[in-house]
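Let me begin by presenting the structure, written as structure tokens, before commenting on it.
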Amino acid sequence: MNPALPLSVSPRIAPLFRLQYEAAQEAWVLLYPEGMVRLNTPAAEILRRCDGQRDVAAIIADLEQCFQQSGLTDDVQAFLGQAGERGWLV
């Protein structure tokens with residue numbers, strides 16, 4: 001099981017990766033020198049907020065407000081922990 005990212009951390013996309021929308025894929029992707037990861041909508045919405053300015057708590061609050069849904073903390077923290085372990089975030 002991947003560790004959850006603490007609420008006080010302000011994650012950003014690692015320098016090796018670039019997050020962008022690919023019209024050909026009709027999806028957000030994470031590009032890196034060896035390839036590309038096609039992101040599902042929840043993953044893209046979370047990673048788009050990882051700008052190094054907002055901490056995890058602010059990202060969660062923004063997602064809950066934007067999608068008018070509460071209780072996202074565990075899922076968002078778990079995803080960010082996985083993304084961190086994959087090297088997508090610093």
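Data for the structure
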item: Anisotropy class of segment 26-90 from Cα gyration tensor, a/c 1.5 cut; result: prolate
item: Residue-count net charge about PHE79 - beta-carbon cut-off 13 Å; Lys, Arg +1, Asp, Glu -1; result: -1
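Where a number appears in this text, it was derived from the coordinates with a stated rule and is not lab data. These numbers were taken from a predicted model, which means no experiment stands behind them. Here Cβ is always computed from backbone atoms with ideal geometry, including for glycine, and neighbour counts include all displayed protein chains.
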